[in-house]
Ligand SMILES: Nc1ncnc2c1ncn2[C@@H]1O[C@H](COP(=O)(O)OP(=O)(O)OP(=O)(O)O)[C@@H](O)[C@H]1O
Ligand SMILES: [Mg+2]
């Protein structure tokens, strides 16, 4: 269960402050597949970074299974990011001089998973995102944008997180591969009871989610429309 | 841990050109540091060897005098008492050094036939003896005799050879004086027990004693055996024993009871040198200072061993200091290089550090990764640098030492010991000899340990900087 209560984030740029996230509240049951929609610059990435404890909210609380993440000490936050959250970055953010496989193995290394196990699981995850074996050992900075995006998704899944926060996970993929990723994320919510929250402009993806939210002028509103994909 | 190390090694060579340059600079700094350490050790070893060779003895001379040269006021029995009261002094032996002219030569000279030749030995003499020197003057002796005569320093006012009457232009005959040492015990002026090969040690130390020890070659030359007699200043002395001093020069001497020697030569109560034994070698330096203070620095010179040794040790000590400072400076340089380069690297990889944090890397893992990355560069630099040091340190150490002894020698040359002294200076350089450097495993490990420590210290600041990077940096563009 993910609960967001009155979360705000403001940035000071020069003499005026902007509030891309302003008093946002919502909650998601465990295993929900949800989407956040919104114009560019509306604060979607900012909200996601607050949920993933990459940044601290100016005010408000983020509760995960009853634990207030906003008040956790740094050490616990690290563990939270490592074990409970899988983050797919809008810019992929792979470590450029490591191979695809090594990138996927990183979160498991931090979680002290045995090396042989890490390698096996990384290979398996890369297969799941349709990356062939010959790509596994290629340096991340030699991969195409779409390949990097898929490595980034595989990395987010590595530690079997409770919550996956994905910032435009299909933004760089062709329709077919995008479908595949959507199916993969969706199946996780069904089989692993993982909560998946995606930021997207992709209507094909949005249509497959259980719930949709729209972020505009800092406020989040849930959208209900006729074509629910359940 | 292994993966962290693997990543560090990989990261160390992400920018090959920069890493290569850094390794070269580090190699130079570390190589210099290692050479300096090796030089420092070699010099340190030599110093302790030199110091060990004199043991824990100090020699006290009247200020401005050494052996038979120079001036100053003689030491007295009161000085012996004062020296004994100084802390860490375990024993004090006073000796009186004398030069005895051979009677026949003096007689001839006084007769005026060869004025200015026989009397003109360096420093003249304190008395006469019936003994003939066992050492031929040879070229060295005659040269010294000449210069001594020319400078006209004989105590009896011997005229120089230029106005030496009928000595002019003739081949000058000349005998070396016999050196006599007045001792108050069974030890010589260096504090070593006199090596008596036949007969007995001196046992009667009264002023009226007629006992004497005679050196082997002198005894041979004069047909002396234990029980034979000879004269010193017309007083009949009896040979109590024959000694072997180890060198031809030493064996051309005699030992007399101190009081008797003082009385015979009219120097009652006077002592030319004190030999002070210090309780342990560590206390030699401090005792030297306190002894000088106790006896008055204007009255006495206190030396550890010979002056040559002193100059050798002091020039070596300055080399030791220089090399130590250079070692530390080179180490600090290496540390600074590591510090600056790693700060640069951390700034460059802020975003990547943010990624690692965002996917749950603990601060210490990231910090460790950066420290290891720095150490990878340092270890490679150290390997290259040490290899260079192994081949160059011997040369560097020798160059340092010879440069320093050259200046020390020049300094010594300007002061006092000019002309026809006793072989002049340069003894210090001889004592130092050729400095051979060996890189022992201990030195190597110690040096590498210091390098790694400094490098780790240099890497700690950047590593600490990584802890300050927040995971949100990951969303910022570069
Ligand atoms: N660190 C910051 N300092 C100042 N302003 C910021 C900062 N981070 C984000 N912003 C601003 O906050 C607003 C929201 O940015 P955000 O990245 O969340 O938008 P977004 O909805 O993800 O847009 P896009 O769809 O283009 O990715 C933008 O106007 C951005 O300029
Ligand atoms: Mg965004």
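No value in this document is a laboratory result; all are computed from the given coordinates. All of these numbers come straight from a predicted model, not from anything done at the bench. As a convention, Cβ positions derive from the backbone with ideal geometry for all residues, glycine included, and neighbour counts pool all protein chains shown.
For segment A:110-218, take the convex hull of the Cα atoms, compute a quarter of its surface area, and give me that in nm², please.
Here the figure is 8.1 nm², rounded to one decimal.
Please report, in whole Å, how far the alpha carbons of segment A:67-147 spread along each principal axis, starting with the longest.
Sorted largest first, the three principal extents are 43, 29, 22 Å.
Sort B:72-84, A:198-210 by the packing proxy (mean of other Cβ within 10 Å over each peptide's residues), most packed first. Could the numbers behind the result be given before it?
On the way: B:72-84: 16.5, A:198-210: 19.6.
Ranking, from highest mean packing down: A:198-210, B:72-84.
For segment B:268-350, report the translational diffusion coefficient in µm²/s to the nearest whole number, using Stokes-Einstein at 20 °C, 1.002 mPa s, and a Kirkwood Rh over Cα pairs.
Rounded to a whole number, D works out at 124 µm²/s.
Could you give the angle, 0 to 90 degrees to the nearest 10, between helix A:145-157's Cα long axis and the longest principal axis of the Cα atoms of chain A?
80
Once the Cβ-Cβ distance between residue B:90 and residue B:48 is put in as r, and R0 is 25 Å, what FRET efficiency do you end up with, to the nearest 0.05?
So, using R0 = 25 Å, E works out to roughly 0.75.
Work out the FRET efficiency for residue B:244 and residue B:13 from their Cβ-Cβ distance, taking R0 = 56 Å, and round it to the nearest 0.05.
0.20
For a footprinting-style exposure proxy, rank A:89, A:110, B:13 by other Cβ within 10 Å, fewest first.
Exposure proxy ranking, most exposed first: B:13, A:110, A:89.
Can you tell me the orientation of helix A:175-191 relative to chain A, as the angle in degrees between its alpha-carbon axis and the longest Cα principal axis, to the nearest 10?
The answer is roughly 80 degrees.
Counting pairs of alpha carbon atoms under 8 Å apart in space and at least six apart in sequence, what relative contact order in percent does segment B:197-316 give? Before the final figure, lay out the partial values.
Values: 153 pairs, mean separation 28.9, N = 120.
It rounds to 24 percent for segment B:197-316.
Mind checking B:356-368 for the average number of partner chain beta-carbons within 10 Å of each residue's beta-carbon? Kindly include the intermediate steps, with their values, before the conclusion.
Working: counts 5, 7, 12, 20, 19, 7, 6, 3, 0, 3, 1, 0, 0.
For this peptide, the per-residue mean of nearby foreign Cβ atoms is 6.
Hull surface divided by four, with the convex hull built on the Cα atoms of segment B:188-345: how many nm²?
That works out to 14.7 nm².
Per residue, how big is the convex hull of chain A when only Cα atoms are used? Give it in Å³.
129
When Cβ neighbours within 10 Å are restricted to other protein chains, what is their mean count per residue of peptide A:89-99?
4
What does segment A:27-82 give for Rg and for Dmax, in Å, if only its C-alpha atoms count?
For segment A:27-82, the Cα radius of gyration and maximum Cα-Cα distance read 12.3, 35 Å.
For the ranges A:68-76, B:442-450, what's the packing order if you count other beta-carbon atoms within 10 Å of each residue, average per peptide, and put the highest first?
Taking the mean over residues of other Cβ atoms within 10 Å, the ranking is B:442-450, A:68-76.
Listing A:187, A:152 from the residue with the fewest other Cβ atoms within 10 Å to the one with the most, what is the order?
The most exposed by this proxy come first: A:187, A:152.
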